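Novice: Got a structure here, written out as structure tokens. Questions coming.
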Amino acid sequence: MRAQLFTTRITELLGIRHPILCGGMGPGVSDARYVAAVVNAGGMGFIMALGWSDPEAFREELRTCRRLTGGKPFGVNLYISRQHGGIERATQQIRVMCEEKVFCVETAGASPEPVIPVLREAGIKVLHKVPAVKYALSAARFDIDAVIIVGAECGGHPGIYQIGSMVQAAHGPAAINLPVVIGGGIGTGRQIAATLAMGAEGVVLGSRMLVAEEVWINRKYKEMIAAADGTESIVVKKALRDHHRVYNNESARAVLELDDRKETDFEQYRPHVAGALAREAYRTGDASKGMLDFGPAAVFADRIEPLEAIFDRLIDDAAAALARLHCVSTGAAGMQHSHSH
């Protein structure tokens with residue numbers, strides 16, 4: 001495991017070695033084994049609460065993670081649905097999290113405002129994830145610890161404005177006093193160094209991590225990711241104003257046709273977007289059906305390897321980026337270039 005290269009408000013807040021968060025990936029991709037591997041490699045991971053409909057199965061997953069991390073802190077992704085009953089379901093999950101002494105949450109979806117007091121009372125740190133600086137400014141008014149802003153490149157839900165990560169990374173930290181974490185299209189240490197240079201305190205990774213050996217999905221699926229060049233994603237569900245960046249497969253193309261017809265009846269979408277399809281794709285490795293979160297950072301996920309090896313490469317690359325910055329800022333770049341021939 002690499003030595004700590006960066007100390008930021010996020011590494012201090014979460015007590016982690018590297019300013020790398022691995023966001024919750026659904027359905028149930030971010031499980032105890034994956035999250036524990038992230039934590040043991042010096043980052044922070046989030047178990048996807050949505051992946052466990054049964055509260056006791058969720059509790060068991062949290063306990064498994066605690067065992068695998070040797071008691072080190074870990075997080076939970078709490079998606080707050082805008083559908084009827086969303087807050088009730090989140091509240092039930094929070095009760096289990098409080099009882100199991102979860103350290104931090106990555107909230108996403110609807111406003112976390114109704115559930116913040118109970119999370120705070122339990123001493124749980126709150127990082128709220130949004131797809132634009134505009135929403136982060138609203139969230140910053142709540143009693144939260146940090147905001148996570150994801151750009152248009154993120155696999156999953158990039159929001160309706162589709163503003164790139166490069167813009168958000170420069171704008172977010174300048175506009176918001178809270179620690180800002182940036183995600184969307186990030187899969188190299190160079191990008192981590194650049195994001196920190198722009199004022200952010202950390203990054204959040206998704207697609208880049210799908211090739212980690214500790215992720216339970218079928219090896220065939222991981223091989224597809226490792227061979228990908230980043231052009232395989234497509235944004236669908238625009239007609240519903242629920243933009244979703246996914247792998248371009250049969251289901252995505254069927255949804256795109258509904259989008260083109262400006263269809264707003266969700267029932268027309270249901271057969272193509274059911275979570276069971278995605279879970280089946282991950283289980284079998286057949287990626288032809290299901291809404292499979294997929295971002296262009298897949299281009300950086302070039303081989304299947306242990307999670308800690310991925311982190312090592314990220315940190316080594318970030319160190320090389322810092323060295324390059326030193327060279328170009330002191331005029332030593334030309335010297336270095338002439339020596340390399």
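Quick note: the coordinates plus some simple rules give every number you see, no bench work behind them. All figures in this text were calculated on a predicted structure; none of them were measured in a lab. Methodologically, a virtual Cβ is constructed for each residue, glycine included, from the backbone with ideal geometry; neighbour enumeration extends over all protein chains shown.
Novice: Could you tell me whether the range 68-110 comes out rounded, prolate or oblate from its Cα gyration tensor? Rule is a ≥ b ≥ c as square roots of the eigenvalues, rounded for a/c under 1.5, then prolate if a/b exceeds b/c, otherwise oblate. Intermediate results must be reported in sequence, preceding the final value.
Specialist: Working: a/c = 3.93, a/b = 2.06, b/c = 1.90.
Verdict is prolate for the range 68-110.
Novice: Mean-square fluctuation check for the chain, GNM, Cα pairs under 10 Å: which of Ala276, Ala323, Ala193 is largest?
Specialist: Ala323
Novice: Count the net charge of all other residues whose Cβ sits under 14 Å from the Cβ of Ala32, scoring Lys and Arg as +1 and Asp and Glu as -1.
Specialist: Details: positive: Arg33, Arg59, Arg63, Arg66, Arg67, Lys72; negative: Asp31, Glu60, Glu61, Glu100, Glu214.
That sum, taken over residues with Cβ under 14 Å, equals +1.
Novice: Rounded, prolate or oblate: pick one for the chain, where a ≥ b ≥ c are the square roots of the eigenvalues of its C-alpha gyration tensor, a/c under 1.5 means rounded, and failing that, prolate if a/b is larger than b/c, else oblate.
Specialist: It is rounded, given that a/c, with a ≥ b ≥ c, falls under 1.5.
Novice: In the chain, what percentage of the DSSP-assigned beta bridges are antiparallel, given to the nearest 5? Provide the component values of the computation, followed by the final result.
Specialist: On the way: 6 of 36 bridges.
In the chain, approximately 15 percent of DSSP beta bridges are antiparallel ones.
Novice: Next up: If Lys and Arg each add +1 and Asp and Glu each add -1, what is the summed charge of the other residues whose beta carbon sits under 11 Å from the beta carbon of Gly15?
Specialist: Numbers: positive: Arg17, Lys72, Lys125; negative: Glu12.
Net local charge, Gly15 excluded: +2.
Novice: Would you list the P(r) distribution for the range 233-284, with all Cα-Cα distances sorted into 10 Å bins from 0 and each bin expressed as a whole %?
Specialist: Per 10 Å bin, starting at 0, the Cα pair percentages come out as 27, 58, 15, 1.
Novice: Based on DSSP loop calls and a cut-off of at most 14 other Cβ atoms within 10 Å, the longest stretch of the chain free of exposed trypsin sites (Lys or Arg not before Pro) is what?
Specialist: Working: sites that count: Arg82, Lys101, Arg141, Arg241, Arg261, Lys262, Arg303.
Result for the longest clean stretch: 142-240.
Novice: Let me check I've understood the local charge: for Val126, count other residues with C-beta under 10 angstrom from its C-beta, Lys and Arg +1, Asp and Glu -1. What total comes out?
Specialist: Working: positive: Arg120, Lys125; negative: Glu106, Asp143, Asp145.
That sum, taken over residues with Cβ under 10 Å, equals -1.
Novice: Ok, one more. Rounded, prolate or oblate for the range 192-258? Axes are the square roots of the Cα gyration tensor eigenvalues, ordered a ≥ b ≥ c, and the cut-off for rounded is a/c under 1.5. Mind showing how you got there, number by number?
Specialist: On the way: a/c = 2.54, a/b = 1.26, b/c = 2.02.
Oblate, since a/c reaches 1.5 and b/c is not below a/b.
Novice: May I pose another question? Size of the dipole of the chain about the Cα centre, Lys and Arg at +1 and Asp and Glu at -1 on the beta carbon, nothing else charged, in debye to 20? If you can, show how the numbers build up before the last one.
Specialist: On the way: 37 positive and 38 negative charges, 78 e Å.
Using Cβ point charges on Lys, Arg, Asp and Glu, the chain gives about 380 debye.
Novice: Something else about it: Helix-derived [θ] at 222 nm for the chain: sum -39500 (n - 2.57) over DSSP H runs of at least 4, divide by residue count, nearest 500?
Specialist: Details: 14 runs with 145 residues, N = 341.
It comes out at -12500 deg cm²/dmol, rounded to the nearest 500.
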